[in-house]
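Step one of this worksheet: look at the structure below.
The values are calculated or read from the model by the stated rules, or taken from the named source; none is laboratory data. Just so it is clear, the structure is predicted and the values come from calculations on it, not from any experiment. Cβ placement follows ideal geometry from the backbone for every residue including glycine, while neighbour counts extend to all protein chains displayed.
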Amino acid sequence: MAISNRWGNRRGPARRRGAVMEEINITPFTDVCLVLMIIFMVTATFLNTTPGVDLDLPDITRADVDAAPDITISLTQDGRVFVNSRETPFSQLTAVLLPYAQKNTGQLVVIQGDQRVPYGLVIQVMDASRLVGLTNIALAAEERPAKAESD
């Protein structure tokens, strides 16, 4: 003979219409929270728009910021070249830039050069970019606050 509980069935309390549920099922809530956490973790890696190269950019009084660059070329004071935060030998710069140019020649190339970088190196990087067909080039600088004019 089967053992029955006080509600008259073998599996648990009977669910009557209008009966108050005494426990909360948090499994769906936990699932949603875990999915949101994964989404935030994945998207947080794409939010870093500044390159990982530490540069001392020259100052300007007014900056025009149009759009985020597609390609960022950073030049350090010791002559190292970084394309989108990846170190690249200068001799291979055109080979690294060529796939970007084949994808779309209208991409924005931003050259970030340390203040102490020789002017000739900046010109050589601009020339390498134009050589592969990337002609939309901008130079990066840090905006400094304008000084108040005194009469």
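Only one of the numbered conditions (1) modelled with pLDDT of 90 or more; (2) in a loop (DSSP other than H, G, I, E, B); (3) among the aliphatic types (A, V, I, L, M) is not met by residue 24, and that is (1). Of the strands (runs of 3 or more DSSP E) entirely within region 48-151, those holding at least 1 residues that are in contact with a Pro (Cβ under 6 Å, 6 or more places away or on another chain) and either at pLDDT 85 or above or surrounded by 12 or more Cβ atoms within 10 Å (Cβ to Cβ) (or both) occupy 71-75, 109-113. All conditions in (1) closer than 23 Å to residue 46 by Cα; (2) out of contact with any Phe, Trp or Tyr (no Cβ under 7 Å at 6 or more places or on another chain) hold for residue 88, with the sole exception of (2).
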